[in-house]
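A short worksheet on the structure shown next.
The values are calculated or read from the model by the stated rules, or taken from the named source; none is laboratory data. Remember, it's a predicted structure, so these values are computed and weren't measured experimentally. Note that each Cβ is placed from the backbone with ideal geometry, even for glycine, and that neighbours are counted across all protein chains shown. Heavy atoms of the whole protein, side chains included, go into the accessibility calculation; ligands, DNA and RNA do not. Shrake-Rupley method; radii C 1.70, N 1.55, O 1.52, S 1.80 Å.
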Amino acid sequence: ALLDGPFDRGRDGPGGWLILDEPELRFAGSGDALVPDLAGWRRERMPRMPDTPVFSLAPDWVCEVLSPSTRRWDRGPKMRIYARAGVEWLWFIEPLEEGLEIHRLREGQWELSGVHLGKGTVHAAPFEAVPLELDALWER
């Protein structure tokens, strides 16, 4: 919700993104089916919402909210599949530890781009144009 207004709808931000909650992804040729917590496509790659229940175009950004039951899957197989598909940015949010971890894909390998813990304001790539209040991520 913090990204939707400024980036998907262009309210108080630059727009330019299509952000979806739990889209089903099926990447061509792999047979992999994944459902990230959030995914975003730059509008130059996906100008409008396609009329389909499943997306084969890899998102530019994926966000996974980690829990004890999903941590191993999200950080292991899912992370490798996202790399194979060419997802450029991957966020892990750890609500219990109040952490945001940002990874960027470079030459097929994930590179840790940033780690933000606790409270404060960050400019988190690829959404650095608008400040993100970390406190809002940990509210229960």
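Would you kindly derive the ³J(HN,Hα) couplings of the range 63-73 from the backbone phi angles with the Karplus curve 6.51 cos²θ - 1.76 cosθ + 1.60 (θ = phi - 60°), listing them in order in whole Hz, with x for Gly and Pro?
Working through the residues one at a time gives 10, 10, 8, 7, 9, x, 7, 10, 3, 5, 5 Hz.
For the chain, what is the mean residue ellipticity at 222 nm derived from helices alone (per DSSP H run of n ≥ 4: -39500 (n - 2.57); sum divided by total residues; nearest 500 deg cm²/dmol)?
Counting only the DSSP helices, I get -2000 deg cm²/dmol.
Going from most exposed to least, what order do LYS119, LYS78 have by accessible area with a 1.4 Å probe?
Of LYS119, LYS78, the descending order of accessible area is LYS119, LYS78.
What ³J(HN,Hα) values, in whole Hz, does the Karplus curve 6.51 cos²θ - 1.76 cosθ + 1.60 give for the range 76-85 when θ = phi - 60°, with x put for Gly and Pro?
In residue order, the calculated couplings are x, x, 4, 4, 5, 5, 4, 5, 4, 6 Hz.
Give me the percent relative contact order of the chain, please, defined on Cα pairs under 8 angstrom at least 6 residues apart.
16
Please list the non-local residues whose amide H lies under 5 Å from the amide H of GLY10, H modeled 1.01 Å from N, same-chain partners needing a gap of 5 or more.
Hits under the 5 Å cutoff: GLY15.
Solvent-accessible area per residue for the chain at a 1.4 Å probe radius, Å²?
In whole numbers, the chain has 55 Å² accessible per residue.
For the chain, with only Lys/Arg (+1) and Asp/Glu (-1) charged at the beta-carbon, what is the dipole magnitude about the Cα centre, in debye rounded to 20?
420
Can you work out ³J(HN,Hα) from phi for every residue in the range 91-106, in order, using Karplus 6.51 cos²θ - 1.76 cosθ + 1.60 and θ = phi - 60°, giving whole Hz and x for Gly and Pro?
Taking θ as phi minus 60°, the curve returns 10, 10, 10, 10, x, 5, 9, 6, x, 10, 10, 10, 10, 10, 7, 9 Hz for the range 91-106.
Tell me the accessible surface of SER69 in square angstrom (1.4 angstrom probe, heavy atoms of protein chains only), to the nearest ten.
Surface open to solvent at SER69 totals about 110 Å².
Accessible surface of LEU2 in the full protein assembly, 1.4 angstrom probe, to the nearest 10 Å²?
The accessible area of LEU2 comes to roughly 80 Å².
Round to the nearest 10 and report in Å² the accessible area of HIS116, as given by a 1.4 Å probe over the protein chains' heavy atoms.
So the heavy atoms of HIS116 present about 50 Å² to solvent.
At 4 °C and 1.567 mPa s, what whole-number value in µm²/s does Stokes-Einstein give for the translational diffusion of the range 3-138, with Rh from the Kirkwood sum over Cα pairs?
The diffusion coefficient I find is 85 µm²/s.
Under the rule of at least 5 residues apart or a separate chain, name every residue whose amide H is placed under 5 Å from the amide H of SER113.
Amide H neighbours of SER113: ILE102, HIS103, ARG104.
Using a 1.4 Å probe on the protein chains only, how many percent of the accessible area of the range 3-138 belongs to carbon and sulfur?
Here carbon and sulfur together make up 49 percent of the probe-accessible area.
Return the long-range amide H neighbours of ASP60 (sequence gap of 5 or more, or a different chain), with a cut-off of under 5 Å between placed amide H atoms.
So ASP60 has HN proximity to GLY40, TRP41, ARG42.
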